[in-house]
Structure formats: C-alpha cells, structure tokens
Amino acid sequence: MMEYSVDFLSYLDLDTSLKILMCLDDPTDLVRVSCVSRSWRHYVIENGLCKQLCMRMFPQLSRFERVVELNQHGAKDHAEVGSSSSMEWLALEREHRVYAYLARASTEYVGTNCIARTIGASSTDNFPQESIDNTLEPRDNISGRYSYWSSSGQSNPGVPETLTYELLSQICVISEINIQPFQAHFQIGSPIYSAKSVRFKMGHCKSSLDASTDDNFVWTYTSPVFPMSQENRLQKFKLPEPVLCIGGILQIELLGRVQRQEMDGLLYICVSYVQVVGCSLSPAFNVEILDPSGRFLLKSDHLARGQTLMAFENEPAGMYDNFMVRGLRDFPQIVTILRGHMGGVVVEDDWDGDEYEVDDIEEEYAL
C-alpha cells in the first residue's frame, strides 16, 4: 500500500492528534479511520470521536443524558459485570456504535414529508371548514370545494399565528419546511393571504397527556426568520443546517399580516399546504424524556438498526458498502490529508500491516 508509513498518533501528543482527527467532518471518514488498525479503533472509541462529530452536526444532542442499547427483544442490555475500567470501556464502545449509526442515518436518507398529524392552530376563522387539517392536503381545491386553513381576522398587522404539528416519530432530522399561502379566487381580485415572514420551532411536549396549549411545549430549536412572498406557490424554507427534532413537535410561526379581506376590512393569514421535509430515525432510534426541562435518554434498537443497515446497503453508493476494502484503498489519501494538517512533517517507518484486525469491526458494523 505504502512503502514507508507510520502510525503518526504514537508520535503526537493527545491534543494535536485530536485536532487532526476532529478535522474529519464526515462519518464515513471516521469509520475508515477506525478500520485502519486496532490501535486507531481504540483511539477513536476512547476519545468519543463519533459522539463529538454527532454533537457538531446536531447541537440538540447535548440534551441527552446517556444512551441505551436495546437487544432484539426490545429490552435493555444486561448489566455489565467486571472491573470499573472494563465497564467504562463497554460504555464507550456502546456510545461509539450508537453515534456512528446515528451519524450515518442522519446523513444518508431520502427526504419525505414527516408530518404525522395536526395538533392545532392559534386561531381558526370558520371551524371545521377552514381548520388546520386542510393544510395536509396538497390540493387547494377538492371536488369543487376550496381546502385551506384561515386565521381569525385582526385589525393589527403584527398579530402572529401558529400552526403546530406532530411528526412521524420522537426523533426526526428536518432539513426544510415548505408552505403554500392560499389564494382566494372566489374573492374580488383573487387576493393571496400570505404572512410577511415565518419562523420554525421544534421540541417536545411537557406532558404526553396534553398538547393543546403552547405552554405545554419545550422548544429545543428555533430557526431564523424567513421572509415569505405573497405568491400562490409552494415556498421552500431550507434550514441553515439539518436539525435533529427531539420530541417530534414542530410549530410554524406566521409573522405579520399583509392582506385585508374586502368584506370586513380585517387582516387574515391563510395556508393551503404545509410540507416538512426530512426523515424519521425510528424504529432504530427513540427517545425517553427524563424530566420536563428537556433531558433525554437516547435508545437504540439493535435489531431495527441492523434492518436499517441492510436497507442502506441495498442502495447505490451506500456509505458502508465494502467499507473495509474502501477504507484500505483510500487510506493513502487520508494520510496525505492528515500530513497536510501536520505542516508537512513526515516520519518514515515500516507499517505493521498485521495489526489491522477486522473481525471485531465486521461484527460491530455488519451485524
């Protein structure tokens, strides 16, 4: 593979090595690094590099107290028995597995509409004819009847409105939210009742029993404010970065009113369709709310995770397809990149190819 090569980690202090490996921002690269040798795998696991990468990708993960791995029967793993050091290492290995899968599942997916059902709107003009349920239908005219949600009328253009939805699962990755304002063709001039701008919140219910009021939600993410056009089209609002929605609740804030209704002179906001683009990480992952303030337990189902991996491996260009062979093939390129971060320092030595062990890694990732 390389005539002269060296395990540079053994020549550098911990801080320098971490700075170099933390430059890897793709879960594929971290998996390949852990496949180089047993010592490199140990280094990646011991320093929690997969967890740190996930934390950079999704700051919302800082709310997780710990991770739990479920066996194929849905029960927690048996309590570890042994010395404190061996139990600590088992815990590090478990975190490595869970966060490695989480990083992969979060980056390799086909976007779908993640709305499961509506929860409620801050106001509705004519219920149920103009309820929030109509925003789940992409057509704005069904059998000759217009389908849309309408707020109540207001004289103050600054009065906001909210639409709240439950997502497909308690843990979803959301990349964009799309909204189509409603155009009232049955009114003079066919006015479009858009908002002036929108903002999005994601979070969870304080109680699983009641999600009817805004006071019962804890928001773990709030987006920037996006301007909305007064146009009758599906308007796409792409988030700055994909967001991990923990708790499965999304709220759309419609800020500012721009259209008056000629009949009563009041300002309204009307929406015909809402689409939330992303993916659900369930059943491979789930969360348990530990307290109302928003501390969580991350649960990873071993069997469901394996089934998800099989689905990934059937897709073209899957990240883990023949990952060991690809890791070895691309290793010279990785070393070149890492040497660049070391300021061109090259240390020559014989590489011990026999040190590369794949049995435990194959068991860990291939399931």
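Hey, can you tell me all the residues within the range 122-146 that are at pLDDT 95 or above and among the hydroxyl-bearing types (S, T, Y)?
Correct list: S122, S123, T124, S131, T135.
Please determine whether any residue of the range 171-192 is crowded, with 17+ Cβ neighbours inside 10 Å, closer than 20 Å to L250 by Cβ and small (G, A, S).
Looking through the range 171-192, none of the residues is crowded, with 17+ Cβ neighbours inside 10 Å, closer than 20 Å to L250 by Cβ and small (G, A, S).
Applying the selection to the range 80-113, what residues are in contact (Cβ under 8 Å) with a residue 40 or more places away in the chain and of a type in the set (D, E)?
Answer for the range 80-113, where residues must be in contact (Cβ under 8 Å) with a residue 40 or more places away in the chain and of a type in the set (D, E): E93, E95, E108.
Every residue in the range 173-190 that is over 17 Å from Q235 (Cα atoms) and of a type outside the set (G, A, S), please.
Selection gives V173, H185, F186, Q187, I188.
How many of the residues in the range 114-125 are under 19 Å from S147 (Cα atoms) and within 24 Å of the chain's Cα centre (by Cα)? So that I can check it myself, show each step before the final result.
Residues of the range 114-125 under 19 Å from S147 (Cα atoms): 115-125.
Imposing the further condition that a residue be within 24 Å of the chain's Cα centre (by Cα) reduces the set to 115-120.
The qualifying residues number 6.
Given G256, G265, which one is of a type in the set (G, A, S), outside any strand (DSSP E or B) and out of contact with any helix residue (DSSP H, G or I) (no Cβ under 8 Å at 6 or more places or on another chain)?
G265
Considering E262, E176, E241, which residue is acidic (D, E) and over 28 Å from L298 (Cβ atoms)?
Values: E176 fails: over 28 Å from L298 (Cβ atoms); E241 fails: over 28 Å from L298 (Cβ atoms).
Step by step, each of E262, E176, E241 is checked, and only E262 is acidic (D, E) and over 28 Å from L298 (Cβ atoms).
Restricting the search to the range 278-311, which residues are outside any strand (DSSP E or B), at pLDDT 80 or above and not hydroxyl-bearing (S, T, Y)?
Start the filter on the range 278-311 by keeping residues that are outside any strand (DSSP E or B), which leaves 281-284, 292-294, 302-311.
Of the ones still in play, those that are also at pLDDT 80 or above are 281-284.
L281, P283, A284 - these are the residues of the range 278-311 that are outside any strand (DSSP E or B), at pLDDT 80 or above and not hydroxyl-bearing (S, T, Y).
Just a yes or no: is a residue in the range 240-254 in contact (Cβ under 8 Å) with a residue 12 or more places away in the chain and more than 24 Å from S106 (Cα to Cα)?
Checked against the condition, which is being in contact (Cβ under 8 Å) with a residue 12 or more places away in the chain and more than 24 Å from S106 (Cα to Cα), the range 240-254 yields at least one hit.
So which of L61, L53 is of a type in the set (A, V, I, L, M) and either at pLDDT below 85 or in contact with a strand residue (DSSP E or B) (Cβ under 9 Å, 6 or more places away or on another chain) (or both)?
Details: L53 fails: either at pLDDT below 85 or in contact with a strand residue (DSSP E or B) (Cβ under 9 Å, 6 or more places away or on another chain) (or both).
After applying the criteria, what remains is L61.
Against the definition (over 30 Å from L290 (Cβ atoms) and part of a strand (DSSP E or B)), how does N232 come out, yes or no?
On the way: over 30 Å from L290 (Cβ atoms): yes; part of a strand (DSSP E or B): no.
Answer is no for this residue.
What number goes with the only condition from (1) polar (S, T, N, Q); (2) modelled with pLDDT under 95; (3) over 30 Å from V287 (Cα atoms) that S150 does not pass?
It fails just one condition, (2).
Is it the case that the range 269-277 has a residue that's surrounded by 20 or more Cβ atoms within 10 Å (Cβ to Cβ), among the hydroxyl-bearing types (S, T, Y) and either more than 25 Å from the chain's Cα centre (by Cα) or in a strand (DSSP E or B) (or both)?
yes
The values are calculated or read from the model by the stated rules, or taken from the named source; none is laboratory data. Please read these numbers as outputs of a predicted model, since none were measured by experiment. Neighbour counts are summed over all protein chains in view; Cβ atoms, including those assigned to glycine, are modelled from backbone coordinates with ideal geometry.
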